[in-house]
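Undergrad: To start, I am sharing the structure in question, which I have written as structure tokens.
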């Protein structure tokens, strides 16, 4: 795990700072007030951007896994697939355990006079809010790519990790902006995606020197 932190220091450090900031906000600001504070900055351009950007988590992680299986070392593809699958299953299990109300349901019950700034064309969900599955996918994928890229291009690792963090953070924020999740759901999604990926790293990268791990479908002759 020391190797994981050493090679991905920038991404992990930025994620920890985000978690600390969110954690403090969750401690000192009531859930409803914090949600309104974070989501009440709508413009037409942002509505369009977040409406489509959030959907990246629904297909892009799996495209990356397939791409790694086909064009990279088989071990990278197996590691990425395991991280995405296990983080997704963990999130779904937690969702069904907590069965927490989504913002539209919570506000209708607890603050009925508040009109959430919803985005036209976005299908709203009402339950299974905790944790955020999209955020889990965004951060699991970002850490996976950070790990693989840091091995492949170590000199560019810091720049790649900053970009990946920003992309993942925007994905998490999109869930709050669209009122599909609370900040606490996003906080938990970051933790689940990052921790499950770290566990998968600890398991699979023990086999990095094995022949099967380094096998490529398209071997250079």
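Undergrad: Got the relative contact order for region 121-221 handy, in percent, Cα pairs under 8 Å and 6 or more residues apart?
TA: 39
Undergrad: Would you please put 2-10, 127-135, 162-170 in order of how densely packed they are, using the mean number of other Cβ atoms within 10 angstrom per residue and starting with the highest?
TA: On the way: 2-10: 14.7, 127-135: 23.8, 162-170: 18.3.
For the peptides 2-10, 127-135, 162-170, the packing ranking is 127-135, 162-170, 2-10.
Undergrad: Another question, if that's okay. Angle between the Cα long axis of helix 74-98 and the longest principal axis of the chain, 0 to 90 degrees, nearest 10?
TA: Around 30 degrees separate the two axes.
Undergrad: So what's the angle, to the nearest 10 degrees on a 0 to 90 scale, between helix 157-177 and the longest Cα principal axis of the chain?
TA: It is inclined by approximately 30 degrees.
Undergrad: Another one. Compute the orientation-averaged projected area for the chain from the convex hull of its Cα atoms and round it to one decimal in nm².
TA: 13.3
Undergrad: Here's another thing I want to ask about it. On a 0 to 90 degree scale, rounded to 10, what angle separates helix 60-71 from the longest Cα axis of the chain?
TA: So the inclination is approximately 10 degrees.
Undergrad: Further question: If you take the alpha carbon radius of gyration of region 1-97 and divide it by 2.2 N^0.38 Å, what ratio comes out, to two decimals?
TA: Dividing the Cα radius of gyration by 2.2 N^0.38 Å gives 1.41.
Undergrad: Here's something else I'd like to know. If I take every Cα pair under 8 Å that is 6 or more residues apart in the chain, average their sequence separation and divide by the length, what percent do I get for the relative contact order?
TA: Values: 299 pairs, mean separation 75.1, N = 221.
Relative contact order for the chain comes out at 34 percent.
Undergrad: Show that you can apply the helix-only estimate: for the chain, add -39,500 (n - 2.57) for every DSSP H stretch of four or more residues, divide by all residues, and state [θ] at 222 nm to the nearest 500.
TA: -23000 deg cm²/dmol
Undergrad: Still on this model: Classify region 158-197 as rounded, prolate or oblate from the Cα gyration tensor: take a ≥ b ≥ c as the square roots of its eigenvalues, call it rounded if a/c is under 1.5, otherwise prolate when a/b beats b/c and oblate if not.
TA: The shape class here is oblate.
Undergrad: Please sort 176-185, 75-84 by packing, taking for each peptide the average over its residues of neighbouring beta carbons within 10 angstrom, highest first.
TA: 176-185, 75-84
Bear in mind that the values in this text are calculations on the coordinates, not laboratory data. In this text, all values refer to a predicted model and were calculated from it rather than measured experimentally. For neighbour counting, all protein chains shown are included, and Cβ atoms are generated from backbone atoms with ideal geometry for every residue, glycine included.
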